[in-house]
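Student: Mind having a look at this structure? Questions to follow.
Since every read-out is calculated from the coordinates, none of them should be taken as a lab result. Computed from a prediction, not measured in an experiment: that's the story for all the values here. In this analysis, Cβ positions are derived from the backbone assuming ideal geometry, glycine residues included, and neighbour counts consider all displayed protein chains.
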Amino acid sequence: MRKIFFAFGFLLFFSLVLSGCGDNLFEGMSDDDSKESKLEDTRIALNKSNYDRALSILGKLNPYNPEVAKYVCSAYMGKAGFNTLDLAEKAAELEDEGNEGSFDLIGSLLDDNEDGMISIDDIDTNIQFALYAINVLIDLEAVKGELDDELKALLGTAAALHATYILLGIIQEDLGTDDIPTTEAGIEAAYEGRDFDASSISEDDLQGLNEDMHYMIEAVVAMTEMTGAETEEENDLADNFDEFVDDIDGDGDDQISREEVGEYINDMGAEDDYGAPEGFNGF
């Protein structure tokens, strides 16, 4: 899992493009130098988790430059409580525990104070940042055309983050408490003796989940291509995304219904024949 994230995460290869001629040559070089300097400052800010600083720098650059858009998306994902390095480490940890691909892979990383809970305020705020991260790349695609595989993989990851927050918000509204668990075990315990009410799912949340699913499906193909895997099962992250789509889309028609979301949440924490958690195993 770790090698997959380093493959598509945020390792970028930059080249200076000299444009213009005559008197404009040095002006073009100056522009390029300025851009690269700002991108370097952005990388430093992102490495320090100073996402507001990174966004401030990037705001001075062309938002439709793929390199810039990639960093803007990364910064918004960071503001939404998501760190790719932490995700890679968590994935390796869960794999060692024999629990790879569970809800805990993303959900537990959204727990700022490590108490196993997340507040409704954090959900409401961070779901917007996750949506900003998605929209940065959607806007880029609208202007520049089809995204490359790296950007599709990044978009799919942002969509997985957004879907996680949507599901946490749906669960929070159903439970009616200000704080809800961020782990499978916690959510299973919260629903002990009761069932999830799928009728409470809004049209906006259902549409958001369906859009997220679409971007995750595209990411599966992109990540498989990037790693040179002949089948998506050879790519851990692509396989996890694919499993999530299969788990929540029960009838396989590429369209998520309220009933499917309800069944998915009610099954969270259940055990299969091997004793492994079924639940939210798409991530």
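Student: Using 7 Å Cα-to-Cβ label points, what is the Ser34/Arg53 separation (nm, one decimal)?
Tutor: 2.2 nm
Student: Stretched out fully, how many nm does the piece from Ala185 to Asp112 gain, at 0.36 nm a residue minus the Cα gap?
Tutor: Numbers: separation 73, 0.36 × 73 = 26.28 nm, distance 1.78 nm.
Contour length minus the Cα-Cα distance gives 24.5 nm.
Student: Relative contact order of the stretch 102-253, please, whole-number percent, based on alpha carbon pairs below 8 angstrom and at least 6 residues apart. All intermediate terms of the calculation are to be shown ahead of the outcome.
Tutor: Details: 157 pairs, mean separation 42.3, N = 152.
Reported as a whole number, the value is 28 percent.
Student: Note down, for the stretch 124-221, the three equivalent ellipsoid semi-axes (square root of 5 times each alpha carbon gyration tensor eigenvalue), biggest first, whole angstrom. The partial results should precede the final answer.
Tutor: On the way: eigenvalues 177, 32, 27 Å².
Equivalent ellipsoid of the stretch 124-221: 30, 13, 12 Å, largest first.
Student: Among Lys152, Lys48, which comes first, then next, by fewest other beta-carbon atoms within 10 Å? Could you put the intermediate results ahead of the total?
Tutor: On the way: Lys152 23, Lys48 10.
Fewest to most other Cβ atoms nearby, the residues stand as Lys48, Lys152.
Student: Can you give the FRET efficiency to the nearest 0.05 for Asn62 and Asp195, using r as the Cβ-Cβ distance and R₀ = 41 Å?
Tutor: The value I calculate is 0.25.
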